[in-house]
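Q: For reference, the structure I am asking about is given below.
The values are calculated or read from the model by the stated rules, or taken from the named source; none is laboratory data. All of these numbers come straight from a predicted model, not from anything done at the bench. Here Cβ is always computed from backbone atoms with ideal geometry, including for glycine, and neighbour counts include all displayed protein chains. Accessible surface is based on the protein model in full, side chains and every heavy atom, while ligands, DNA and RNA are left aside. Shrake-Rupley method; radii C 1.70, N 1.55, O 1.52, S 1.80 Å.
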Amino acid sequence: MPGAHLPWINCLVLGIVRDGVAYPLVWTLLPKAGSSNAQERIALMERFLALFGPKAVHFIAMDREFGASKAWVRWLGAQRVDFRLRLCVSTQLSYGAGQPVPVGRLFGGLRPTKALQPRGARRLFGVRVRVAALRLPPETCVLTQAAKRAKGHAQPGDELVVIVAAYRRGDRADLLADYRLRWGIESLFGALKSRGFDLESTHLRHSERLERLLALLALAFGWAHRTGLWVAEHVRAPRLIAKHGRRAKSLFRTGLDYLCQLLAPAAFTQSERRARFRLLATFLSCA
């Protein structure tokens, strides 16, 4: 409700994934705790389509909470919007005129580390979809499973990943590889929260003010991440952690720290640092 004072900050965000992160484009504050519903998702997508048009959408990558809504999946199918949607193992798919079968049973024989992307169309809530599955081994998901067990939501062992997409005849896209791009939204949320701007600590609770704050943070995030890309290319290569080869510090954090250094009072008196800041400020024109 516009102008409401919210006891929480709960956002539904749609972004575009590039360079491993999601740049936020449109969002809405939800007037409740918990997941969004089909009407809220449809309203956000209609805002996006009105601004950018349907051709701007290659596909939407979504986690399991989005796959439980029949109305949402059917709306995507009716609008011919492609998607990569992960399913819960209890979600049922049908093949042809056959009876729906839980995907956990459908791919129950899949061994750890093995992936399968069968040809042909299945149906999810009456919408024709392609499907792909991967069985993650215990050693790959031990940390996430441990976190789930601590909350009582799962048992130890491997994990089945099942992805569906809108059916397109002759399309051979790798659905599992496409779905991995969804992690970019988690990187964005980490930057907005504990690993960056610490949004949760704001004392703002008025919905309109929170909307404006999110707009500012969206610009700041884009600026910091693009600065991080520039620093990695022109100043210093990112340090890697030898154990797994990932960056010790994200590009967003690298860029944010660099901008803070340039804005320090002592640093800003140096002509070279001022020149670099003016260069990086030009990134805001297309952040």
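Q: Would you point out which residue out of S194, S207 is modelled with pLDDT under 90 and within 27 Å of S250 (Cβ to Cβ)?
A: After applying the criteria, what remains is S194.
Q: From the list R123, R119, R128, which residue is open to solvent by 50 Å² or more (accessible area, probe 1.4 Å) and in contact with a helix residue (DSSP H, G or I) (Cβ under 9 Å, 6 or more places away or on another chain)?
A: None of the others qualify; the one that does is R128.
Q: Please work out which one of (1) surrounded by 15 or more Cβ atoms within 10 Å (Cβ to Cβ); (2) touching a Lys or Arg at 6+ places or on another chain (Cβ under 8 Å); (3) under 22 Å from L14 (Cβ atoms) is the condition R253 fails and give its number.
A: Exception for R253: condition (3).
Q: Counting only residues that are closer than 30 Å to T28 by Cβ and under 24 Å from the mean Cα position of the chain (by Cα), give me the helices (runs of 4 or more DSSP H) lying completely in segment 189-287 with at least 1 of them.
A: By residue number, 207-234, 251-263.
Q: So, in segment 81-116, of the ones that are at negative phi and of a type in the set (V, I, T), which residue ends up most open to solvent (accessible area, probe 1.4 Å)?
A: Here the answer is V89.
Q: Condition first: closer than 15 Å to P24 by Cα, open to solvent by less than 90 Å² (accessible area, probe 1.4 Å) and not in a loop (DSSP other than H, G, I, E, B). Now tell me which residues in segment 177-188 satisfy that.
A: G184, I185, E186, S187, L188
Q: Does R123 meet the test of being modelled with pLDDT of 90 or more and not in a loop (DSSP other than H, G, I, E, B)?
A: Yes, satisfied.
Q: How about segment 256-269: which of its residues are under 16 Å from G222 (Cβ atoms) and open to solvent by less than 20 Å² (accessible area, probe 1.4 Å)?
A: Y258, L259
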